[in-house]
Amino acid sequence: MNEVMKNILGRRSIRSFQKRQITEEELGEILEAGKYAPSAMNQQSWYFAAVQDRSLIDSLLESAAEFLRTPGTDPFYGAPTVIFVFGDKSAIAPVSDASLAIENMFLAAWSMGIGSCWVNFVGRFFESPASQPYREKLKVPEGYQCVGSVILGYIDGEIPEAKPRRDGTVRIIR
Ligand SMILES: Cc1cc2nc3c(=O)[nH]c(=O)nc-3n(C[C@H](O)[C@H](O)[C@H](O)COP(=O)(O)O)c2cc1C
């Protein structure tokens with residue numbers, strides 16, 4: 001199996017992180033991988049806000065308490081970097097564009113030994129009035145929706161086993 005295939009099949013969502021921050025170079029390469037995702041009509045309709053300021057993340061979590069499934073726990077699992085991924089609502093396919101960028105970032109991170117996971121509540125939070133101060137702090141352009149967030153950090157502990165993949169989701173018609 002080639003290295004790209006190994007990287008794709010080996011990637012797992014990681015939910016346990018070391019406190020140590022990833023390097024600037026690693027973050028830069030991961031963001032670059034996001035920018036090189038395909039996008040509808042090459043609109044590159046995304047906006048990535050990478051946050052490494054824990055006090056800003058904590059304050060956002062406080063403001064977003066009502067959007068969390070299990071209040072009191074950290075939905076970002078203590079990851080030292082969170083990339084909030086937005087898409088231009090006026091673009092042809094902002095959610096698809098942003099989602100492809102997210103997967104590119106996951107795979108780039110995995111290839112560098114960096115763990116990642118999609119964290120979803122941010123989509124709901126950034127539609128609420130309580131998110132306005134954070135839209136300003138993150139300098140989100142007008143008319144953008146939050147598609148999801150990418151948490152990043154060095155993996156703490158064991159890499160989880162791959163969950164079994166469902167049968168019946170593929171058919172080859174010849
Ligand atoms: C759209 C989307 C939303 C997700 N939201 C969350 C989330 O909010 N929190 C979380 O811990 N994992 C989240 N995940 C990660 C999935 O649980 C994970 O991808 C799935 O269980 C398969 O595991 P794997 O990524 O290790 O293959 C999300 C994944 C996707 C694609």
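Each reported figure results from applying straightforward, stated rules to the coordinates on display, with no laboratory input. Since the model is a prediction, treat every value here as computed from it, not as a measurement. FYI the Cβ positions are ideal-geometry reconstructions off the backbone, even for glycines, and counts take in every protein chain you see.
Observations on the model:
- Qualifying residues in the range 87-99 (those that are touching a Ser or Thr at 6+ places or on another chain (Cβ under 9 Å) and either assigned to a strand (DSSP E or B) or hydroxyl-bearing (Ser, Thr, Tyr) (or both)) - the one surrounded by the most Cβ atoms within 10 Å (Cβ to Cβ): 87
- One residue from 30, 102 being within 25 Å of residue 5 (Cβ to Cβ), within 15 Å of the ligand (Cβ to nearest atom) and part of a helix (DSSP H, G or I): 102
- Just one residue in the set 135, 124, 166 is of a type outside the set (S, T, N, Q) and loosely packed, with under 12 Cβ neighbours inside 10 Å; that residue is 166.
- Search result, residues across the range 108-138 that are away from the ligand (no atom under 11 Å from the Cβ), part of a helix (DSSP H, G or I) and closer than 15 Å to residue 150 by Cβ: 108, 109, 111
- Of the listed requirements (1) closer than 26 Å to residue 129 by Cα; (2) out of contact with any Leu (no Cβ under 8 Å at 6 or more places or on another chain), residue 34 misses just one: (1).
- Checked against the criterion of being out of contact with any helix residue (DSSP H, G or I) (no Cβ under 9 Å at 6 or more places or on another chain) and β-branched (Val, Ile, Thr), the candidates 119, 147 yield just one match: 119.
- Test result for residue 83, within 17 Å of residue 139 (Cα to Cα) and in contact with a Phe, Trp or Tyr (Cβ under 6 Å, 6 or more places away or on another chain): yes
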